[in-house]
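Just below is one structure, and these are the notes that go with it.
The values are calculated or read from the model by the stated rules, or taken from the named source; none is laboratory data. On a predicted model such as this, the values are computed, not experimentally measured, just so you know. We place every Cβ from the backbone using ideal geometry, glycine too, and count neighbours over all the protein chains shown. The protein model used for the area step is the full one, side chains on, heavy atoms only, and it has no ligands, DNA or RNA in it. Shrake-Rupley method; radii C 1.70, N 1.55, O 1.52, S 1.80 Å.
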There are 2 protein chains.
Amino acid sequence: MRIVVLAGGIGGARFLRGLKRAVPDADITVIGNTGDDIHLFGLKVCPDLDTVMYTLGGGIDEEQGWGRSDETFHLKEELAAYGVGPDWFGLGDRDFATHIVRTQMLGAGFPLSAVTEALCDRWQPGVRLIPMTDDRVETHVAVELDGERKAIHFQEYWVRLRASVPAQAVVPVGAEQAKPAPGVLEAIGEADVIVFPPSNPVVSVGTILAVPGIREAIADAGVPVVGLSPIVGDAPVRGMADKVLAAVGVESTAAAVAEHYGSGLLDGWLVDTVDAASVERVEAAGIRCRAVPLMMSDVDATARMAGEALALAEEVRTA
Amino acid sequence: MRIVVLAGGIGGARFLRGLKRAVPDADITVIGNTGDDIHLFGLKVCPDLDTVMYTLGGGIDEEQGWGRSDETFHLKEELAAYGVGPDWFGLGDRDFATHIVRTQMLGAGFPLSAVTEALCDRWQPGVRLIPMTDDRVETHVAVELDGERKAIHFQEYWVRLRASVPAQAVVPVGAEQAKPAPGVLEAIGEADVIVFPPSNPVVSVGTILAVPGIREAIADAGVPVVGLSPIVGDAPVRGMADKVLAAVGVESTAAAVAEHYGSGLLDGWLVDTVDAASVERVEAAGIRCRAVPLMMSDVDATARMAGEALALAEEVRTA
């Protein structure tokens with residue numbers, strides 16, 4: 001079975017770990033969000049790609065869900081001692097190595113997709129991880145700060161401000177001019193099923209879909225496209241997805257997110273059992289919907305969720 | 001009193017610490033060797049400048065004489081795990097911060113001299129540290145390896161090979177086209193005394209003197225130029241200076257090094273008491289010479305050496 005998953009960071013990475021356990025022999029291609037990439041200290045940092053790579057490769061800090069296990073922060077301390085910022089982005093000593101290798105390879109002329117493949121040579125994530133694009137896309141968030149409207153980098157909004165001010169707009173700068181990375185459209189074209197994990201529908205999955213060609217390829221793939229709600233009981237399972245949903249005019253409910261994707265894209269949608277009442281509304285929008293437990297409390301629970309998603313895809317296929 | 005010191009790495013840095021203790025009120029300008037600079041992992045590393053800065057700023061690893069105190073090597077471990085080399089150069093997590101800040105500032109267009117000044121803002125070394133040049137100079141060593149003659153970077157010769165093969169030639173590549181960094185010639189022109197610390201006469205002091213204009217400015221400064229022998233009892237006090245002396249046809253003795261600098265440049269020379277017999281030979285070469293203890297066993301002993309150097313300079317001045 002060939003599965004394509006559109007993944008953001010922590011939610012996507014944890015889902016993928018469950019998916020691998022559910023179908024160990026599946027051929028999984030992950031299209032990773034790069035809209036939250038950021039240049040820090042002259043280095044190219046790709047938080048979502050790294051979270052997927054570290055999580056599936058056994059190098060993740062399990063507790064926080066991002067960054068490296070057994071990590072130290074001496075380099076960061078020294079940068080602060082030099083007065084060189086920003087100081088709000090938590091780069092550890094081990095993590096820095098990834099960004100140094102990546103930056104050096106990019107500087108040598110390799111595209112990000114080739115660099116990601118080289119980094120994965122070490123981590124052996126057990127999936128094929130492809131960035132959505134080799135072109136630069138940078139998600140900006142329009143906010144009002146000190147009475148002034150300005151656009152800031154998504155990481156500044158998410159990590160520094162902890163989404164504490166309303167997002168007025170979310171713009172994947174550069175997306176319109178971006179081309180899908182080599183292998184992205186091919187993987188979608190050859191997939192047996194396409195999955196939207198419980199990742200952020202705006203700044204993770206939404207950014208991937210903003211790269212011209214990807215949304216169309218998924219809609220036209222002729223295979224089941226199923227998703228899992230990142231919203232459980234009207235609140236995001238993790239993080240602050242509601243803040244950026246508001247910016248695109250979508251209410252923070254499992255049903256509203258399904259409608260946001262729409263039946264033109266999505267064939268099936270899983271909501272949590274606490275949101276069973278919304279099944280009807282989702283199905284009324286033309287999307288097959290089931291209510292199952294959606295808390296990724298451990299890998300086994302996550303594997304069951306992945307299994308439910310694949311079962312729903314099978315239902316769609318044979319309907 | 002305005003003192004100009006031409007410094008390499010460990011020997012120069014330790015001498016400077018003694019000099020500061022000997023004359024706390026002196027205005028000291030250090031012209032630092034950059035011939036051993038190297039690009040590693042896309043970062044600009046300046047080992048000699050950093051050794052001076054860390055030593056005088058209280059951040060040095062006292063035991064090894066280079067690198068940072070309280071250091072960890074997690075980033076380096078990770079680079080090795082990625083299979084990215086070289087693995088023979090000991091960059092620690094704290095040390096990396098210096099190279100990242102430097103590389104970022106150079107990338108932003110600042111010359112190395114301005115970058116060094118900015119780094120010293122943090123370390124407050126108590127001297128003005130200027131790189132010999134803002135231009136790229138890279139010391140290469142010609143060696144025979146596996147039956148083939150090749151030129152390798154000085155660091156590869158010194159650190160990776162531990163000077164285990166004969167150096168056939170030492171070439172400061174780029175020196176001929178280099179210009180002294182801003183402030184270098186001015187400091188020499190305004191100096192009351194110029195000191196060659198017990199640094200390597202070929203790859204440290206020699207490289208500085210290879211930048212057109214610096215040797216001439218020192219020779220023409222009209223102030224005492226005094227040096228301290230890095231060779232004690234026919235062997236280098238530290239390191240492998242004899243290996244590169246052989247490459248320039250100079251025997252590894254205190255007297256031969258003085259003759260190598262020559263009376264056109266050097267007015268006074270200190271040899272260790274064990275080399276007292278060579279005083280006569282040095283003086284026959286037209287260089288005033290004294291035999292005093294030259295082991296930098298601690299800061300007090302080093303301060304006494306610095307005091308002797310300044311006393312010799314005074315002798316030269318009033319002769």
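Chains A and B together bury roughly 2300 Å² of accessible surface, counting both sides and using a 1.4 Å probe on protein heavy atoms. Counting only DSSP beta bridges whose two residues both lie in the protein assembly as shown, roughly 45 percent are antiparallel. Taken about its Cα centre, the range B:255-319 carries a charge dipole of roughly 120 debye when the Cβ of each Lys and Arg holds +1 and the Cβ of each Asp and Glu holds -1. Note on the range B:79-118: Cα-Cα pairs beyond 14 Å make up 57% of the total pair count. Convex hull volume of the Cα atoms of the range B:142-201, normalised per residue: 116 Å³. Rg/Rh, computed from the Cα trace of the range B:46-114 with Rh as the Kirkwood radius, has the value 1.00. For the range B:103-147, backbone nitrogen atoms closer than 14 Å to the point 7 Å from A:ASP87 Cα along Cα-to-C-beta are found at no residue.
Considering only A:GLY65, A:VAL52, A:LEU112, and ranking their Cα positions along the charge dipole of the range A:46-165 that arises from unit charges at the beta-carbon of Lys, Arg, Asp and Glu, the one farthest toward the positive end is A:LEU112.
The residues of chain B present an accessible area of 38 Å² per residue when probed at 1.4 Å with all protein chains retained. Looking at chain A, the pairs of alpha carbons with a distance over 26 Å make up 43% of the total. Rounded to the nearest 20, the size of the Cβ-charge dipole of the protein assembly as shown about its Cα centre is 240 debye, with Lys and Arg at +1 and Asp and Glu at -1. Determine the share of the range B:279-319's accessible area contributed by carbon and sulfur atoms, expressed in whole percent, with a 1.4 angstrom probe. Summing carbon and sulfur atoms, their accessible area is 51 percent of the total for the range B:279-319.
Look at the stretch A:79-91: the mean tally of other chain Cβ atoms within 10 Å of its residues' Cβ atoms is 3. Which one of A:THR98, A:HIS74, A:ALA291 is farthest out on the positive end of the charge dipole of chain A, using unit charges on Cβ (Lys, Arg +1; Asp, Glu -1) and the Cα centre as origin? So the residue we want is A:THR98. Here B:LYS76 is the anchor, and the lysines within straight C-alpha reach of less than 30 Å, apart from those fewer than 8 places off in the same chain, are A:LYS44, A:LYS76, B:LYS44, B:LYS150, B:LYS243. In 20 Å bins starting at 0, how do the alpha-carbon pair distances of the protein assembly as shown split up by percent? P(r) over the protein assembly as shown, rounded to whole percents: 18, 39, 23, 16, 4, 0.
Taking the Cα centre of each part, how many Å lie between the range B:213-277 and the range A:204-243? Cα centres, the range B:213-277 to the range A:204-243: 71 Å. In a simple Cβ point-charge model (Lys, Arg +1; Asp, Glu -1; nothing else charged), chain B has a dipole of about 180 debye relative to its Cα centre.
Of the residues A:ALA255, A:VAL244, A:GLY268, the one whose Cα sits farthest toward the positive end of the charge dipole of the range A:138-271, with +1 on the Cβ of Lys and Arg and -1 on the Cβ of Asp and Glu, is A:VAL244. Look at where the Cα atoms of the range A:1-69 and of the range A:90-108 average out, and the two centres are 16 Å apart. The ellipsoid that matches the Cα gyration tensor of the range A:191-319 has semi-axes, each √(5λ) in whole angstrom, of 19, 18, 14, with the longest given first.
Volume per residue of the convex hull around the Cα atoms, evaluated for the range A:16-136, comes out as 103 Å³. Between the amide H of B:VAL232 and those of B:VAL237, distances stay under 5 Å, these residues lying 5 or more places away or on another chain, with hydrogens modeled in the peptide plane. Quick check: net charge around B:LYS179, other residues with Cβ under 10 Å of its Cβ, Lys/Arg +1 and Asp/Glu -1? Overall, the nearby charge balance is -2.
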